[in-house]
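First the structure, in the form of structure tokens, and then the observations on it.
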Amino acid sequence: MASEPASLASGASTPTQEQMLPIAGLHGAHIAHQAKRQALHWFTFRRSSSSLEQMGVGEKKRGLVLVSQKHTPVFPVWRIVLVTVGGSINSSFLIAGGITIMFGGPGGALISYILSIIVLYTVMTSLMEVGSRMPTDVPYYMYGTRVLGQTVGVALAWSYWLVWIALLVYEMVAGGFIIQFWLPDVNRAIWCLLLFLSCITIVIVDSRLYSPIESTLTIFTIAALVAGIIIGSLAAAGKLGDHKYGFETWQDDDGPILNGIIGVIGAAIFANFSVQGAEAGAIMALKSPSRYSRRMTPIVICGVLAVLLLPSIFVTGLILSYSDPWFDKDTFDSADGSSLTYVFEAAKIMPAAHVINTILLISAILDCCVSLYIATTVIQDLADRKLAPSILQSPKDREHALSPYSMGLCCMVGLGIWALTYIRETGGFVLLGGVIGISGVIMWSSISIMHFIVRWSRRFRHSADENEYRSWLFPVGPLACLVYELGVLVGLFYILAWVGFDINIFLFETLGLFIFIALVIIAAVAQHFGYCRC
């Protein structure tokens, strides 16, 4: 690690452009980690017709079959919670968790995670109500075409595909950084390309191995996090390590909340990105025949996240000061960038960095595979719905097979984006994270808007349906989510003004929005000329 745990420095700390660049490239790209794990657990049944029949799916169809309610297997609550929680505490929290302390101090970081988990619950209940009123054969990324109109809905669907491509590239780059932790003298491009070729091979051979491996990895990660909480508590109390921290970081002249409400907003940006994507577990919960299970699943998911994440960020805040030199690093994409590693080393448990880095590397490889797999199946589904060129459609001679043309397109687009990030390195990495980050904000906002529409529009009323779900938080829940997401966007631009204008950070905050607007315009033109019909 770069330094030993440092004592508090007096005075408020303002993040610099040098600090913001590696952080910006990190946090946006972890939004869909949870969605990747949940979606792949649906996809792993896709190639086995016997599994489909055992799950009671019945009729087999070509295309993307397990992202809709009709073809989603019935999972018990514990498995939905395991998948969702695993997505939140793997790369997302292990790396990004400590960064919230730099912006909001220990108290601001804790408040930001509390707010994010509350808003996550409102988004899950909104998505469950929207999903309960959609046809069972419509995947959730196509809900927008039914509620927001074809133009915006198609733009959201294509944006969803682009996010998976961006995540594929991100995992390639992250994997290169992670391996460089052990082999710093080898060109990172070699590791990126080898990881990419391995990913293609695994997806072509069989992707069903992902589910048991990912479940095992999640259990180990939860165990590491619990160990971090216990060890961090002992280190803060002076029982481990050579310093008793106590509540030093909470008793600084600036108080526990650094920079007041602005610090909380800055910390909330990263806390929000750590838990985003977990809302996809709501679609899995809708398949449950038990009304009680559907009601309890969002509560259990958010409750488990609160039990794991809040004590962890609290203990980290006792040891890691917002002014610590630990934040002055070139990248946060290996074990050196994990606050959990910092906690272990503060307790003088030195091999922790290698354990954390191994977990991150396995996670990067698996996420690279699932990103390519889902991107391929999504573009096939769009082609089957006449929203993409017909050459990309699912193979007609094989059930549930991947189209070589669809996979080839995803690989070419992914390699093209990777080449740009490799040429620009830090700047390209920042832009990649920004596209993913803003897409997550658009996703949550669109879910809240759709919730208002389906509740108030007569088109979506069918209260006689016993499977219909009604959120008890309406209208406060979706309204709070919209206000929260607006605050995140305002916070992003305030940070830009705070650290001084930088073109990389500006594009990081706006490029994703510009791409979505461009997709809306393209969809409108295609619809006008009859090329886009759902």
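The values are calculated or read from the model by the stated rules, or taken from the named source; none is laboratory data. Worth saying up front: this structure is predicted, and the values here are computed from it rather than measured. Using ideal geometry, Cβ is built from the backbone for each residue, glycine included, and neighbour counts are taken over all protein chains shown. Just so you know, the surface numbers come from the protein's heavy atoms only, side chains and all, with ligands and any DNA or RNA stripped out. Shrake-Rupley method; radii C 1.70, N 1.55, O 1.52, S 1.80 Å.
Some points to look at:
- Residues of segment 375-397 that are outside any helix (DSSP H, G or I) and of a type outside the set (S, T, N, Q): R385, K386, L387, A388, P389, P395, K396, D397.
- Which listed residue, of I521, I495, I515, is modelled with pLDDT of 75 or more, surrounded by 16 or more Cβ atoms within 10 Å (Cβ to Cβ) and β-branched (V, I, T): I515
- Conditions (1) in a helix (DSSP H, G or I); (2) in contact with a Gly (Cβ under 8 Å, 6 or more places away or on another chain); number of the one not met by A227: (2)
- Pairs with Cβ under 7 Å, 6+ apart, first in segment 476-496 and of a type outside the set (G, A, S), second open to solvent by 90 Å² or more (accessible area, probe 1.4 Å) and at pLDDT 90 or above: none
- Selection from segment 308-333 of residues that are surrounded by fewer than 24 Cβ atoms within 10 Å (Cβ to Cβ), modelled with pLDDT under 85 and of a type outside the set (F, W, Y): S323, D324, P325, D328, K329, D330, T331
- The residues on offer are R133, R62, R79, and the sole one that is open to solvent by 10 Å² or more (accessible area, probe 1.4 Å), more than 22 Å from I442 (Cβ to Cβ) and at pLDDT 65 or above is R79.
- Test: residue in segment 107-117 that is in contact with a Cys (Cβ under 9 Å, 6 or more places away or on another chain), part of a helix (DSSP H, G or I), surrounded by fewer than 24 Cβ atoms within 10 Å (Cβ to Cβ) and modelled with pLDDT of 90 or more: yes
- I505 being at pLDDT below 75, under 21 Å from the mean Cα position of the chain (by Cα) and open to solvent by less than 40 Å² (accessible area, probe 1.4 Å): yes
- Failed item in (1) modelled with pLDDT of 85 or more; (2) among the hydroxyl-bearing types (S, T, Y); (3) in contact with a Ser or Thr (Cβ under 7 Å, 6 or more places away or on another chain), with Y469 passing the rest: (1)
- Count - residues of segment 277-307 that are in a helix (DSSP H, G or I), of a type outside the set (D, E, K, R) and open to solvent by less than 20 Å² (accessible area, probe 1.4 Å): 13
- Condition met for L360 (modelled with pLDDT under 80 and touching a Ser or Thr at 6+ places or on another chain (Cβ under 8 Å)): yes
- Of all residues in segment 148-161, those that are out of contact with any Cys (no Cβ under 7 Å at 6 or more places or on another chain), in a helix (DSSP H, G or I) and open to solvent by 10 Å² or more (accessible area, probe 1.4 Å) total 7.
- Of all residues in segment 162-170, one or more are surrounded by fewer than 22 Cβ atoms within 10 Å (Cβ to Cβ) and either over 28 Å from A306 (Cα atoms) or without any contact (Cβ under 8 Å) to a residue 24 or more places away in the chain (or both).
- Evaluation of I265 against the conditions (1) open to solvent by less than 10 Å² (accessible area, probe 1.4 Å); (2) farther than 24 Å from L360 by Cβ; (3) aliphatic (A, V, I, L, M) shows that the sole unmet condition is (1).
Quick grid of which residues meet (1) small (G, A, S); (2) modelled with pLDDT of 85 or more; (3) under 30 Å from L511 (Cβ atoms):
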residue: G175; (1), (2), (3): yes, no, yes
residue: F181; (1), (2), (3): no, no, yes
residue: I213; (1), (2), (3): no, no, no
residue: I229; (1), (2), (3): no, yes, no
residue: L234; (1), (2), (3): no, yes, no
residue: K239; (1), (2), (3): no, yes, no
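- Restricting segment 290-307 to residues that are out of contact with any helix residue (DSSP H, G or I) (no Cβ under 7 Å at 6 or more places or on another chain) and modelled with pLDDT of 85 or more, the residue that is farthest from G228 (Cα to Cα): R295
- Failed criterion for I447 (all others in (1) aliphatic (A, V, I, L, M); (2) open to solvent by less than 20 Å² (accessible area, probe 1.4 Å); (3) modelled with pLDDT under 85 hold): (3)
- Among (1) over 21 Å from the mean Cα position of the chain (by Cα); (2) in a helix (DSSP H, G or I) - the single one P135 does not satisfy: (2)
- Residue match in segment 227-238 (condition: surrounded by 13 or more Cβ atoms within 10 Å (Cβ to Cβ), under 24 Å from the mean Cα position of the chain (by Cα) and touching a residue at least 24 places away in the same chain (Cβ under 8 Å)): yes
- Enumeration of residues in segment 344-364 that are of a type in the set (A, V, I, L, M) and either without any contact (Cβ under 8 Å) to a residue 24 or more places away in the chain or assigned to a loop (DSSP other than H, G, I, E, B) (or both): A347, I349, M350, A352
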